[in-house]
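Take a look at the structure below.
The values are calculated or read from the model by the stated rules, or taken from the named source; none is laboratory data. Remember, predicted model here, so these are calculated numbers, not experimental data. Cβ atoms come from the backbone with ideal geometry, glycine included; neighbour counts cover every protein chain shown. Please note that ligands, DNA and RNA were not included when accessible areas were found on the heavy atoms of the full protein model with its side chains. Shrake-Rupley method; radii C 1.70, N 1.55, O 1.52, S 1.80 Å.
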Amino acid sequence: MKSKNMLVAACVFAAAATLLGAFGAHTLKQYATPEQLAVYEKGITYQFYYAFALFAAGLIRRIYQNKMVQWSATCFVVGMALFCGSLYTLVGAEILKLDGLSTWVGPLTPLGGLFFIAGWIFLAMGINRNGVVKPERT
């Protein structure tokens, strides 16, 4: 993944987090319990964190051009999909009384967390792997 694509994806994820946050604050709160809203807000918070992490990886990719930095970005994206997406889905399933959905979506949350951890490890390895190289062409 090129740094430009990482930066664009980070902006899209941050915009989506903003929209989902507004939805939660203005619409979802009418239907969700305080516990459900707390879970939903955890998803929003982590989506913002990892949109910023992806943005940082995109900037770092311009300096450290190796596969480890690219893998970190991929891990951050997969982590957001699994961790945040599963939290949003769990809350929606509870509100809509889709009990069967919770049983297979729930285990995706910690798997997403593992992708977040892997992303940080890959990013550190990518930075540590080699010195500064010429910036990529965008």
Expected max-MSF residue from 68, 125, 80 in the GNM of the chain (alpha carbon, under 10 Å) is 125
In whole Å, largest first, the alpha carbons of the stretch 19-88 cover along the principal axes 47, 18, 12
So the carbon and sulfur contribution to the accessible area of the chain, 1.4 Å probe, in percent, is 70 percent
In the stretch 21-119, taking the dipole from +1 charges on Lys and Arg beta carbons and -1 charges on Asp and Glu beta carbons about the Cα centre, the listed residue (63, 80, 28) farthest towards the positive end is 63
In vacuo Debye sum over C-alpha of the chain, base-10 log of normalised intensity I(q)/I(0) at q = 0.09, 0.16, 0.18 Å⁻¹, listed in q order, is -0.31, -0.79, -0.92
If one compares the long axis through the Cα atoms of helix 34-63 with the longest principal axis of the Cα atoms of the chain, the angle in degrees, nearest 10, works out at 10 degrees
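Taking a 32 Å limit on the Cα-Cα distance, which of the listed pairs 29/67; 2/42; 2/97; 4/29 fall beyond it?
29/67; 2/97; 4/29
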In degrees rounded to 10, the 0-90 angle between helix 3-26 Cα long axis and the longest Cα principal axis of the chain is 20 degrees
Nearest 10, in degrees from 0 to 90: the angle of helix 67-79 to the longest Cα principal axis of the chain is 10 degrees
